[in-house]
């Protein structure tokens, strides 16, 4: 990473380069009178920004310049478009490419593919779609083609998911891979990098993936400058051991590591975020490039199925549901859940940290359970009086075909603020592009889907002063671009792609709540993606100029 001071000097020198302009060559778009916060962390300055086609062509005092479109940004902040480095919009963008909840936050790029990426897929998986989509591709490159054919308002990039690769090779078996299977995994990882993947991503909570399998996959992408992005194996009582595993993978594979949604999800460890960050500093001192990202909330989202240990999920969903029907197996599951029987490689921080009251149900499939949306699990248990709480859990999973999206309240504000202030931690939503209407408006998703970036700028910058405006924008833009190798995004500078967010720093705020999440954020006035105005006066224009941003390993024309 460039040293901040050197980058600021470079920015000041280059910011006004390219101010030369002749009146007989008007720009396509001219943004005038705004406070330009360029993404490097440098102080904001008053400047104009000129765009031709999909690129920034001049930044500086451009009085007298002509343009086909002039955007008056007086009183507004002009920043690079936000790069959501941790997004789950893989299939939602096929349902609606407008990406409403992200665009209205100022997001211009989404990075997809955590663990279960859109490819590779076997032909048998083609019927396994989401939100009404039917996959008709088998490779990550095929997914990219499908996405571009339907049109998207945001740019996207994608990791290849480690679990997606494992399932392609091994199905749903929960055993260690053989040497031959590991070779197949490596070949699939290389193919995905050649399709344009940015690296390997994992989600290890309850995962059968072994450290050795992950090292092998990451080693395969290292020559293509891929990174390893990971939801570490445990964010609670074993967070330090889990960080050590992630750092070992990066060190032995020779790849950078970015820890997804950094948090401490264990009450006994609350207040120790500085100790967690010290592990990062130690790893960096030893020559490993390690960073993290986070979302600005004290709750995360997962699924009630995360309370089921890996051995009970061996063989896939159908096999797991059959086990949940067996009274004898339920006894073993209950013992594992409450901690009386140790389960190797599995630690349930969800129940150890807070209990049933920490779990908020956000969606159900069965019509009979729609009344449960928005309730805590302790309330659901009370409604089904007379039943042992774990039996309510297992019954509900059976009724919902093994999946109940759930928000878990597991963190503390102190740790959130401490992580936010670290120069090693950027921002990502861990959310999905949705909208209040139609199939994407179902249930009560985590409010981060609608509010992550405006929440940082409104609550933590303007209202509480936890970090500065320039630092926050750096963590949303250039810092994320640099992690994943996007060299022409994330800075407002001549020659960079014209992805731009224009917002009212005095008004920007999130409106989504845990009880009423389907509310757009406020304060973002304009969003430009590749030089096209996608949001104008806070309203989506319907344009879909988004591109696929492929990694340096891309070799398939």
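The values are calculated or read from the model by the stated rules, or taken from the named source; none is laboratory data. Quick caveat: nothing in here was measured; it's all calculated off a predicted structure. When we count neighbours, we look across all protein chains shown, and the Cβ atoms used for this are built from the backbone with ideal geometry, even at glycine.
General remarks:
- Of all residues in segment 374-396 being closer than 21 Å to residue 363 by Cβ and not in a helix (DSSP H, G or I), the one that is farthest from the chain's Cα centre (by Cα): 384
- Residue 213 modelled with pLDDT of 95 or more, in a helix (DSSP H, G or I), more than 22 Å from the chain's Cα centre (by Cα) and crowded, with 21+ Cβ neighbours inside 10 Å: yes
- For residue 124: the one exception among (1) assigned to a loop (DSSP other than H, G, I, E, B); (2) at pLDDT below 95: (1)
- Among the residues making up segment 181-210, those that are in a loop (DSSP other than H, G, I, E, B) and either out of contact with any strand residue (DSSP E or B) (no Cβ under 9 Å at 6 or more places or on another chain) or closer than 24 Å to residue 310 by Cβ (or both) are 204, 205, 206, 207, 208, 209, 210.
- Hits in segment 296-320 (condition: outside any helix (DSSP H, G or I), more than 17 Å from the chain's Cα centre (by Cα) and over 16 Å from residue 236 (Cβ atoms)): 308, 314, 315, 316
- Residue check: residue 353 meets all listed conditions (1) at pLDDT 90 or above; (2) touching a helix residue (DSSP H, G or I) at 6+ places or on another chain (Cβ under 6 Å); (3) under 30 Å from residue 513 (Cα atoms); (4) crowded, with 19+ Cβ neighbours inside 10 Å but one, namely (1).
- Qualifying residue in segment 436-443 (condition: out of contact with any strand residue (DSSP E or B) (no Cβ under 8 Å at 6 or more places or on another chain), surrounded by 20 or more Cβ atoms within 10 Å (Cβ to Cβ) and in a helix (DSSP H, G or I)): yes
- Output for segment 105-121, where each listed residue is surrounded by fewer than 24 Cβ atoms within 10 Å (Cβ to Cβ) and over 14 Å from the mean Cα position of the chain (by Cα): 121
- Considering each residue of segment 467-477 in turn, none proves to be touching a helix residue (DSSP H, G or I) at 6+ places or on another chain (Cβ under 9 Å), at positive phi and modelled with pLDDT of 95 or more.
- Screening residue 96 on (1) at pLDDT below 95; (2) surrounded by 15 or more Cβ atoms within 10 Å (Cβ to Cβ) shows it passes everything except condition (1).
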